[in-house]
Amino acid sequence: MSHRISGPALPVVVALIAAQCFQANALAAASLPPPATIDWSACSADLVSEEWTAAWSGRLECGSMRAPLSYARPESGYVDVTVLRVKAGVPAERQGAIFFNFGGPGAHPADYLPLTAATWNLASANSVVDGDKRRLADRYDLVAVVPRGLEGPSFDPCGNAPGLGSGPDPIIDLADWNWAGFVRDAREFAQRCGSQAMARYAGTRAHVLDMEHARRSLGEPVLNYVGVSYGSWVGYRYAALFPEHMGRFVLDSSMDVTATVEQIHETLPAVAQDLFERHVVRQVLTMPAYGVTEPDTKAVMTRLNGIAAHARRAWMTRMQTPEDLAAVLTLGRWIDDERQMWLDGEHWDTVGARLRTRAEAHRFSTVSGVDAAIRTAAESFIDMLRPSDETDDGRRIGTYLAATCGDTPWTKSIRQWRATAQWTAARYPVKGGGGVMTGLICHHWPVDAVDAFPVPGLIAAPPMLLVHAEHDAATPLAGARRTLEALPAARMIVSRGMLGHGVFGMSGTPCVEK
């Protein structure tokens, strides 16, 4: 339950909170080392693709900044933190820098910053929707600090996290012996990944302190910031620790700052199921062109839950459109025809080729445009059945878990997670079991959470702007609204009717983009 502070007590409460924040901020500032020299050079090909390096003609740079492994304990040693920068397009008009975090945790800025900068630089200054982006790219350096673990010292021995990719799923493979295996695998993985040194030195707080260290090292008077998804969580932590250095903050697809990471994960399956049923299932049921004959949502979900387990593992969380659902419902019947051959060990290439041939010949709809769209979706979903031999090098998942498991406490017991898996399987299967597996790993994570999120420190923070899609399954609007209610100076723009995650640059409307 959230409460608004009102009446005569508000100034006193804010003053007390501000005093507490000042003490916390003074301690945070005292732990920062002197500004570092950032050694800038052309980005190496293993960090940024050569196409981007060539396209930017020297405006794109990669830097190395020396930072303490632990800001609280400088004697712990130092680590080199990577910083990316696309310099302002019109140096004579330069006004500062804008920092970015593109989410994750574990999204690598090298995958996003060059593309974002290109989008802004190629926009027409006369565009009603995107003109401001061009002016920002002309006048501001675009900067991103690489989260710890993605470059330099990392989590290389982690490998693939159980249940977070292909393979068994804790809400599909529900037998007791499977559950025992999930618990064992989660415990072993958490110990293998979380016992590494970087698990203690990564996470959101360390990243925020690295950002502040970079701001000071660059000589920027304030930190202007765009944070997407988990990037909003980073932004809130910065606002709580360094409100006096905040510039303009835009937080896109905001996480719920009033909740722990565990509580946020608990809300996602119901939201994902509701959006799927309202925006995907309802459309295929009301439009005969999709050729779905089930009478209602319950019958559709019964069909989906009856598809062979190996196909559900590959497909269930990836259905985003009515065409996807129509394709999966048809493919599910075909998979039943192939099931015995699959179990007999027939090579995937043979089974896949047979499915593709069948899809090419099948008429999915009497409406040609819909028929073509469903066939394209079917071909994509057939490819998803191909066994994967990809191996995560540990950097991304280690960085993800250092923040996810290490930011706020995880309190549910193994028995409670078992009940959650069963409940999710029965009510909200389209989300998959990734959240349950994350909970099991974080339950065993050997590094204690840093602290509860500093919501009180945000109450007195300067204004910031939230932008959000009305229908967002990854960071639900309800959580963003709770954040808005908790932060008196914050404001929010909601893109009504928008279905998806990540608004800025995607809405096509001056209201949001400007």
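The values are calculated or read from the model by the stated rules, or taken from the named source; none is laboratory data. Owing to the predicted nature of the structure, the values given are computational and were not obtained by experimental measurement. Here the Cβ is made from the backbone with ideal geometry for all residues, glycine too, and neighbour counts use every protein chain on show. The area values use the complete protein model at the heavy-atom level, side chains included, leaving out ligands, DNA and RNA. Shrake-Rupley method; radii C 1.70, N 1.55, O 1.52, S 1.80 Å.
Between residue 362 and residue 274, the FRET efficiency estimated from the beta carbon spacing at R0 = 30 angstrom works out to 0.45. Each DSSP beta bridge with both residues in the chain is either parallel or antiparallel, and the antiparallel ones are about 40%. For the chain, the longest principal axis of the Cα atoms and the long axis of helix 322-343 meet at an angle of about 60 degrees.
Here's how it looks for residue 89: its modeled amide H is under 5 Å from those of 138, 139, 140, which are all 5 or more places away or on a different chain.
Pairs of Cα atoms nearer than 8 Å and 6+ residues apart set the relative contact order; for the range 132-243 it is 28 percent. Label separation (residue 72 vs residue 128): 5.3 nm, computed from points 7 Å beyond Cα along the C-beta direction. Please report the carbon-and-sulfur percent of the accessible area for the chain; probe 1.4 Å, protein heavy atoms only, DNA, RNA and ligands left out. For the chain, the apolar C and S fraction of the accessible surface comes to 54 percent.
The residues of the chain expose on average 45 square angstrom of accessible surface per residue, using a 1.4 Å probe on protein heavy atoms. The Cα atoms of the chain cover 67, 55, 54 Å along the three principal axes, with the biggest extent listed first. Placing dummy labels 7 Å off each Cα toward the beta-carbon, the span from residue 511 to residue 470 is 0.9 nm.
Put simply, the amide H of residue 39, placed in the peptide plane, has neighbours under 5 Å in 64, leaving out anything fewer than 5 places away on its chain. Among 380-387, 174-181, the peptide with the highest mean count of other Cβ atoms within 10 Å heads the list, and the full ranking is 380-387, 174-181. Rounded to whole numbers, the Karplus 3J(HN,Hα) couplings from phi for the range 177-185 are 5, 5, 4, 4, x, 4, 5, 4, 5 Hz, using 6.51 cos²θ - 1.76 cosθ + 1.60 with θ = phi - 60°, and x at Gly and Pro. What the Cβ-Cβ distance of residue 263 and residue 297 gives, at R0 = 35 Å and to the nearest 0.05, is a FRET efficiency of 0.80. Lysine pair count for the chain (Cα-Cα distance under 21 Å; residues 8 or more apart in sequence or on different chains): 4.
Modelled spin-label separation between residue 379 and residue 42, with each label point placed 7 Å from Cα along the Cα-to-Cβ direction: 3.9 nm.
Between amide H atoms placed 1.01 Å from N, distances below 5 Å from residue 460 occur with no residue 5 or more places distant or on a separate chain.
Working note: 222 nm ellipticity from helices only, DSSP H runs with n ≥ 4, each -39,500 (n - 2.57), summed and divided by the residues of the chain, gives -14500 deg cm²/dmol to the nearest 500.
A simple count of charges around residue 316, restricted to other residues whose Cβ falls under 10 Å of its Cβ and scoring Lys, Arg +1 and Asp, Glu -1, yields +3.
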